[in-house]
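Here's the structure we're looking at; comments come further down.
Just so it is clear, none of the values below were taken in a lab; they were calculated from the coordinates. Everything quoted here is computed from the prediction, not taken from an experiment. Ideal geometry is used to build each Cβ from the backbone, glycine not excepted, and the neighbour counts take in all protein chains shown.
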Amino acid sequence: MTTTAGHTEHMEHEAHGEHAEHGMTTIGYIKVALVLAALTALEVATYFVDFGPFFMPLLLILMCVKFFIVVSYFMHLKFDSKIFSFMFYTGLFLAIGVYATFLATFKFFTA
Amino acid sequence: MVDTAVHHAEYGHHTSTGLSNNKLGMWLFLGSECLLFGGLISTYMIYRGRVGEGPRPGNVFDIPFTSVSSFVLLMSSLTMVLAVAAAQKRDDRGTTLWLTVTGLLGATFVGGQVYEFTAMYNEGLGFTTSLFGSAFYTLTGFHGVHVTVGVIMLLSLVGIIKRSRVPGDKAEVVELVGLYWHFVDIVWIIIFTLVYLIPT
Amino acid sequence: MAIIERPAPVGAPALPAPVTPTRTYGALRRPVATTGWKSWVFTVDHKKLGIMYGAVAMFFFIVGGIEAVLIRLQLAAPDNKVLTADVYNQMFTMHATTMVFLFVMPMAAAFANYFVPLQIGARDVAFPRINAFGFWTLVGGGIIVNLSWFLGGAADGGWFMYAPNSGPVFSPSNGVDFWALGLQITGIASLTGAVNLIVTVLNMRAPGMSLMKMPVFTWLQLVVQFLLLFAIPVITVALFLLSFQRSFGATFFDVSAGADPLLWQHLFWIFGHPEVYILVLPSFGIISEVLPVFSKKPLFGYPFVVFSGAAIGFVGWGVWAHHMFASGLGPVSVAVFSIATMAIAVPTGVKIINWTMTIWGGKLNFTAAMHFAIGLVVLFTIGGLSGVTHAVAPSDTQQTDTYYIVAHFHYVLFGGAIFGLFAGFYYWWPKVFGKQLNERLGKANFWLMVIGMNLTFGPMHMIGLQGQPRRMYIWTEARAGEGLFNLGFWNRVASIGSLILTVGVLLFLINVWKTARSKQVAPLDPWDARTLEWMTTSPPKEHNFDAIPTVRHLDEFFHRKYAQDSVTHEIKQVSTAEDIVRDQEANADKHIHMPSPSYWPIILASGLPVIALGVIYAIPVAIVGAVIVVLALFGWSLEPSTAPETDFDPPASEDGTKELAPLG
């Protein structure tokens, strides 16, 4: 915040490496990516194999799991300030709530 | 606006919350984007069955092909996160390498989308063929534009880092582009399931 | 101007700053002008941008006002021929669009830009260049929306542009295209502004200012910016779908192609209802500052005002379909939205109680600002009550598309939003310009506006319930009805009221003109105010505060001026504003780095209207616009927002400070 004087001395304390500590190791990232790849393979499998009544719930659950893995680990929300999570999840859950209601008025879930 | 938020050269970390202005701005923007894609996805959901005389979704989707390009985009998230890690270790070579790989994977995805759109068009699904067509191309097109903007940002960033012209904190700029890139990826995770895998 | 400076004493002559850029960024050298038009066009100073927002908004207020008067003139007599049916449709569409998107929103943005950084003790916003970009984008959007008047006719589908009115059959001119693309561009301005102000409020507060020590105006602006952040993308989707339909042959809202016209209605009102609070909450914030100051009491129940504001913002997302009760949503949806709409009256009622209790037992000082603030409380309550009658769905189906609706939203928007903005003008004018608006003219301005607005919009309740449809362009004496319910009589009354209202607004403009010519300087603290923005010179120096204050209390400035005697428990004045400002000056911060002016915001913003014109007329033009945008983004990215010290002449003295005048 260069516009504020009197704080210049604080800027010296800024440590560039601090983000890396609460992140993950390269191996960790690769493991996460492998999990994501496996989940994607399972998703695609539903196209070739008949899962019967589990088809829809399975796909939706896999979608959510993949979504939150990327957000939590690759986007660091799990390790980062709660304020970032608040910003993002407010938008996300507002969108889900509003548009689910919107689709419900079109009888999307019942027809 | 993406670029303005990303490349905005504010640096210094003494803020009331202790968080970087740029990163906070980026997360706010991504929160806002949820409402944008939510609207486009909902529009598609309402119109996906309205095919008129044109082809149905099941007739034009090539699930194996799209699975591969989805996988490419998913793996670009891994390379992106490696670029961010390298940038935080101030490893410029690693950063530019992984950024380039991410950009190329993203470009592959966009190329796949162009191929997919062409194939669908040849099968009779134009933008104005039916409500399904309009809604499908609008949704995936918006996503494709986001990916393209991301690719341009990634490759520009490579050039800017190589010339040491990054204004502000280099690691943070890479991280911000990374956040945008992952967001584009998670939007595709949703589109891939809701649009492609779950049939009408 | 990025300079290293030591604040000059109050009233010192403004010297030109000896700064020259020694490096180039991209293709251009940084702008360095500190006077003349360049110092405004390339500025990133939140105060200058705030003033420019205000000036542009005021211009559009006059445009929208002229449109309103023309509407009333057409309805002033039976079988009138002031406007044709076609022009009448354009007139009411553009009146609403202008007032909502180009007056109230930018004027609220003007207040937010100017006062939020001052109220939280910051030197500027978090992203000064994005701030400048937002302003120029708004200008571009406003031009595009209004350009249609001269290029084949303006938009004529009503401000909420329902299908099929928005389609080519009923709107064959390019008006709707200009409307959709212009609003898309103003949406970008709002979205960037929202990100900027939220980050500013969260990150740039003075030391000690916790969230619950922030002034209420800043709090309610924070809520508004969150609403904008999440509502703008929804209208963006809707406008894109509309543009794709009109320009590229899609059929999103074309019923004959199997589309569902309710899609537009939903998307529009998911945005549109939060938008209502976007319009009115800034004014709530303004009067929550004005009422305590002129009652000599702290705001009654500060946390309730804050949390009810947040509650309004949240519940505002669950009520949009009450605009669509007549569209056949089905009984469940109607019941749900009806109950949610009644619920939102609760936090609004909480606010009205808080304001009333603030005034209660206070030492009231009836200034012009106080008049407008009390006017808001009364008139908004009337509008709020008629709003509750819309929440009752069976009653609403009788009122939909009648003048009763017109009456309701003018009470909340004119009586609410605009009265609040006028309270803000009179309250903050001495802060912004260093001169006080004339109080006598101000009170005349108030009374004419109150009488005018009640004469204009009051009778609309009656003629609406009698069945006069909204947007009816002509009436005949033969079918006007009899006695008290004669439509003709009440339409004439409303038209006369609108002329009184016009005179009221003219008095304000005369007041501004007279004040600008007057040489009388306002005192530093003319109202005995309570919040931080008054704890600096008027107008504030470019860096706002010589020394960033440390905050210990809600209403910090009040607590610095007054203290409770420990024996008698009486509140006594211990200090004056002059003392406090002088003290700040003596302990001024050194090395104040302000963000530097830049060419890129206005260049980037100028690309957007070019793209819009290209989409309407010829795609190659749009490509030119896109190239401007991309080049500007690169230039922007490569330019640090604050020039490094090497970019300027070396410091004149040993300790790195340079004697520079306050720049303004």
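Can you flag which of C:Lys296/C:Lys351; C:Lys363/C:Lys435; A:Lys82/C:Lys47; C:Lys519/C:Lys541 are past 28 Å Cα-Cα?
A:Lys82/C:Lys47
Please give the contour-minus-distance gain from C:Val630 to C:Asp79: 0.36 nm per residue of separation, less the Cα-Cα distance, rounded to one decimal in nm.
193.0 nm
Quick one: C:Met91, B:Met80, fewest Cβ neighbours within 10 Å first, how do they rank?
Lowest to highest Cβ neighbour count: C:Met91, B:Met80.
Could you work out, residue by residue across B:169-181, how many beta carbons of other chains sit within 10 Å of that residue's beta carbon, and then give the average as an integer?
Across B:169-181, the average partner-chain Cβ count within 10 Å equals 2.
With +1 assigned to the C-beta of every Lys and Arg and -1 to the C-beta of every Asp and Glu, and no other charges, what is the dipole magnitude of the range C:338-477 about the Cα centre in debye, to the nearest 20?
That gives a dipole near 560 debye.
Size of the dipole of the protein assembly as shown about the Cα centre, Lys and Arg at +1 and Asp and Glu at -1 on the beta carbon, nothing else charged, in debye to 20?
1200
Scan chain C and hand back the longest stretch that contains none of the GluC sites (Glu not before Pro) lying in DSSP loops with at most 15 other Cβ atoms within 10 Å.
My reading of the result: C:1-481 is the longest stretch.
Using Cα pairs under 8 angstrom and six or more residues apart, how large is the relative contact order of chain B, in percent?
For chain B, the relative contact order is 32 percent.
Is it possible to state the helix-based mean residue ellipticity at 222 nm for chain C, with each DSSP H run of 4+ residues giving -39500 (n - 2.57), the sum divided by total residues, to the nearest 500 deg cm²/dmol? What is it?
After summing the helix terms and dividing by the residues of chain C, the value is -20000 deg cm²/dmol.
Once fully extended, how much extra length lies between C:Leu499 and C:Ile62, figured as 0.36 nm per residue of separation less the alpha-carbon to alpha-carbon distance?
Stretched fully, the C:Leu499-C:Ile62 segment lengthens by 156.0 nm.
Pick out, from C:Leu220, C:Val234, C:His322, the residue whose Cα sits farthest towards the positive end of the charge dipole of chain C, with +1 on the Cβ of Lys and Arg and -1 on the Cβ of Asp and Glu.
The listed residue farthest towards the positive side: C:Leu220.
Under a straight-distance cross-link criterion of Cα-Cα below 21 Å, which lysines are reachable from B:Lys162, leaving out those fewer than 8 residues away in the same chain?
Correct list for B:Lys162: B:Lys89, B:Lys170.
Which whole number gives the average count of other chain Cβ atoms within 10 Å of the Cβ atoms across peptide B:67-77?
Mean shielding count: 3.
What FRET efficiency do you get for B:Phe65 and A:Leu60 if R0 is 25 Å and r is their Cβ-Cβ distance, rounded to the nearest 0.05?
It comes to 0.65.
Mind pulling up the Rg/Rh value for the range A:23-79? Radius of gyration and Kirkwood radius, both on Cα.
Rg/Rh: 1.07.
Counting only C-alpha contacts under 8 Å and six or more residues apart, can you give the relative contact order of the range C:400-486 as a whole percent?
This gives 53 percent for the range C:400-486.
Compute the Cα gyration tensor for chain C, then decide on rounded, prolate or oblate, letting a ≥ b ≥ c be the square roots of its eigenvalues: rounded whenever a/c is under 1.5, prolate when a/b is larger than b/c in the other cases, and oblate in all that remain.
Oblate, since a/c reaches 1.5 and b/c is not below a/b.
Fewest to most neighbouring Cβ within 10 Å: what's the order for A:Phe108, C:Phe115?
In order of increasing Cβ crowding within 10 Å: A:Phe108, C:Phe115.
Which value, in debye to the nearest 20, gives the size of the charge dipole of chain C about its Cα centre, when Lys and Arg are +1 and Asp and Glu are -1 at the Cβ?
Dipole magnitude for chain C comes out near 760 debye.
Considering the Cα trace of the protein assembly as shown, what is its radius of gyration and what is Dmax, both in angstroms?
Using the Cα atoms of the protein assembly as shown, the pair Rg, Dmax is 28.5, 90 Å.
Can you give the calculated 222 nm mean residue ellipticity of chain B, where each DSSP H run of n ≥ 4 adds -39,500 (n - 2.57) and the sum is split over every residue, rounded to the nearest 500 deg cm²/dmol?
So the helix-based figure for chain B works out to -25500 deg cm²/dmol.
If you take each beta carbon of peptide C:266-275 and count the beta carbons of other chains within 10 angstrom, what is the mean?
So the per-residue partner count for this stretch is 3.
For every other residue with a beta carbon closer than 10 angstrom to the beta carbon of B:Ser164, add +1 if it is Lys or Arg and -1 if Asp or Glu, then tell me the sum.
+3
How high is the FRET efficiency between C:Leu211 and C:Tyr562 when r is their beta carbon distance and R₀ equals 25 Å, given to the nearest 0.05?
0.55
As I understand it, the dipole of chain C uses +1 on the Cβ of Lys and Arg and -1 on the Cβ of Asp and Glu, about the Cα centre. Which of C:Gly614, C:Trp600, C:Leu70 lies farthest toward its positive end?
C:Leu70
Taking the simple approach of a point 7 Å from Cα along Cα-to-Cβ for both C:Trp513 and C:Gln573, what is their distance in nm?
Result for the modelled spin labels: 3.7 nm.
Among the trypsin sites (Lys or Arg not before Pro) within the range C:472-535, which fall in a DSSP loop and have no more than 11 other Cβ atoms within 10 Å of their own Cβ?
Sites meeting the loop and neighbour criteria: C:Lys519.
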